[in-house]
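Q: Quick one: the structure is below, questions incoming.
The values are calculated or read from the model by the stated rules, or taken from the named source; none is laboratory data. These numbers come from a predicted model, not from an experiment. Here the Cβ is made from the backbone with ideal geometry for all residues, glycine too, and neighbour counts use every protein chain on show. Just the protein is used for accessible areas: all its heavy atoms, side chains included, with ligands, DNA and RNA removed. Shrake-Rupley method; radii C 1.70, N 1.55, O 1.52, S 1.80 Å.
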Amino acid sequence: MPMQSEAGPIEAGWCGGATLPFISIIIPTYQRRDVVCDALRAIDRIAYGGPFETIVVVDGSTDGTEAAIAGLALRHPPRVLVHANKGPAYTRNRGAGAAQGEILLFLDDDMMCREDILDAHVAAHRTGADAVMGDIPLDPTSPRGFLSAGVGAWAEQRRLRLASGGALDTADLLGGHISVRREVFTAIGGFDGRFTRDGTYGNEDLDFGVRLLERHTVVFCAQAVAFQRYVVTPAQNLRQYFEAGEADVLFARKHPGLAADVFAPHRPDRLRVRWLIRPLARIPGAPWVLARLACLAAARQRTSPRMDRFVERVFSQTREVLYWAGVNRARKMLH
């Protein structure tokens, strides 16, 4: 999506001075009415001495999100934009085009921010950062299960690594909690809408991170906290892996020098992947049959520790089958 301006920025000359910058919080949302309403209630508790606004962009939701937001009793009601389902990249760009702030803070609709989140981002920007990544620990009210537990463990490992001085790479630059100076966002062209066209999933933030790190200073701020309320179902998670495979092919075409890196986490050279996972992914219909079985197994979790571990292993391997099925489909479409 080409960057378009629906409102001009407010200039305040805050860098290095006592003036606090105007911040635009931008939230794309799709079919998460109750979760995004809770996210807005958390934003309404923010304590910040400077000006800020919240922009919610409803990406074609049909679950009554717009009406639910209008019914909230908030001190700082958001502006709400609505369009047909076009995916998070287009939706974030739409919010950025309407924003007035000097700093754009992108939060996913499942992020429950802490009251001091804006102060933490501003403090990090004042050290000279062009973009700031925040911490995303698992929200304790997330539904229990191996998926949310895995997300929580990953987020904690990420925080410990980055807070101790670990190198920030493109995989760490998640669109769900990142603030960017407005002029930097505009200079690099925002998010590439091809990655999430028509509401698909994956890599718009990875691609954004590559372009951001090429020329700009990005830091991790452990004090900027937004708790992720992970409500993704097993079926949705499997669909995301399929679409992530498609997105990795597009990413590899756009950034050929990083192609090996993007496929490496899925172990393409391992014997199990070469002789079991990838062949299964090529059988017409087989990945989705496995997906249905994996979802049925996930629904029976918490029967016993041994069975839970077995279900997790089966589900993990099924995700890899779906991933490589997505890779195969994308490669056929691009040829």
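Q: Hey, among Thr91, Thr29, Thr54, which residue is among the β-branched types (Val, Ile, Thr), more than 20 Å from Glu204 (Cα to Cα) and at pLDDT 95 or above? I'd like the intermediate steps shown before the answer.
A: On the way: Thr91 fails: more than 20 Å from Glu204 (Cα to Cα); Thr29 fails: more than 20 Å from Glu204 (Cα to Cα).
Going through Thr91, Thr29, Thr54 in turn, just one is among the β-branched types (Val, Ile, Thr), more than 20 Å from Glu204 (Cα to Cα) and at pLDDT 95 or above: Thr54.
Q: Does region 22-38 contain at least one residue that is hydroxyl-bearing (Ser, Thr, Tyr), over 24 Å from Thr141 (Cβ atoms) and open to solvent by 60 Å² or more (accessible area, probe 1.4 Å)?
A: no
Q: Just to be sure I understand the filter: pairs with C-beta atoms under 7 Å, separated by 6 or more residues or on different chains, first member in region 65-93 and over 16 Å from Asp38 (Cβ atoms) and in contact (Cβ under 8 Å) with a residue 60 or more places away in the chain, second member open to solvent by 70 Å² or more (accessible area, probe 1.4 Å) and of a type in the set (Lys, Arg). Which pairs pass?
A: From residues that are over 16 Å from Asp38 (Cβ atoms) and in contact (Cβ under 8 Å) with a residue 60 or more places away in the chain, the pairs are Gly87/Arg197.
Q: Within region 279-332, track down each residue that is among the hydrophobic types (A, V, I, L, M, F, W, C), open to solvent by 80 Å² or more (accessible area, probe 1.4 Å), in a helix (DSSP H, G or I) and free of Cβ contacts under 8 Å to residues at least 40 places away in the same chain. Outline the logic, then answer.
A: Of the residues in region 279-332, the ones among the hydrophobic types (A, V, I, L, M, F, W, C) are 280-281, 283, 286, 288-291, 293-299, 307, 310-311, 314-315, 321-322, 324-325, 327, 330.
Now restrict to residues that are open to solvent by 80 Å² or more (accessible area, probe 1.4 Å): 283, 288, 293, 296, 299, 307, 310.
Among the residues that remain, those that are also in a helix (DSSP H, G or I) are: 288, 293, 296, 299, 307, 310.
Trp288, Leu293, Leu296, Met307, Phe310 - these are the residues of region 279-332 that are among the hydrophobic types (A, V, I, L, M, F, W, C), open to solvent by 80 Å² or more (accessible area, probe 1.4 Å), in a helix (DSSP H, G or I) and free of Cβ contacts under 8 Å to residues at least 40 places away in the same chain.
Q: A further question follows. Can you name every residue in region 166-207 that is open to solvent by less than 20 Å² (accessible area, probe 1.4 Å), without any contact (Cβ under 8 Å) to a residue 60 or more places away in the chain and either within 19 Å of Pro265 (Cβ to Cβ) or part of a helix (DSSP H, G or I) (or both)?
A: Asp172, Leu173, Val184, Gly202, Asp207 - these are the residues of region 166-207 that are open to solvent by less than 20 Å² (accessible area, probe 1.4 Å), without any contact (Cβ under 8 Å) to a residue 60 or more places away in the chain and either within 19 Å of Pro265 (Cβ to Cβ) or part of a helix (DSSP H, G or I) (or both).
Q: Considering only residues that are of a type in the set (A, V, I, L, M, F, W, C) and in contact with a Phe, Trp or Tyr (Cβ under 8 Å, 6 or more places away or on another chain), look in region 281-326 and name the one that is farthest from Thr233 (Cα to Cα). It would help to see each step written out before you state the result.
A: So in region 281-326, the residues of a type in the set (A, V, I, L, M, F, W, C) come out as 281, 283, 286, 288-291, 293-299, 307, 310-311, 314-315, 321-322, 324-325.
Now narrow it down to the ones that are in contact with a Phe, Trp or Tyr (Cβ under 8 Å, 6 or more places away or on another chain): 281, 294, 297-298, 311, 315, 322, 325.
Values: Ala281: 22, Ala294: 12, Ala297: 13, Ala298: 10, Val311: 15, Phe315: 12, Leu322: 15, Ala325: 20 Å.
The selected residue is Ala281.
Q: Mind listing just one residue for me: the one in region 143-160 that is of a type in the set (D, E, K, R) and over 18 Å from Gly209 (Cα atoms) and, of those, surrounded by the most Cβ atoms within 10 Å (Cβ to Cβ)?
A: Step one: filter region 143-160 for residues of a type in the set (D, E, K, R), giving 144, 156, 158-159.
Still in the running and over 18 Å from Gly209 (Cα atoms): 144, 156.
On the way: Arg144: 9, Glu156: 13.
Here the answer is Glu156.
Q: Take residues that are surrounded by fewer than 16 Cβ atoms within 10 Å (Cβ to Cβ) and tell me which of the strands (runs of 3 or more DSSP E) falling wholly in region 71-119 contain 1 or more. Steps first, answer last, please.
A: Numbers: elements: 79-83, 103-107, 111-113.
In region 71-119, 79-83 are the strands (runs of 3 or more DSSP E) which contain 1 or more residues that are surrounded by fewer than 16 Cβ atoms within 10 Å (Cβ to Cβ).
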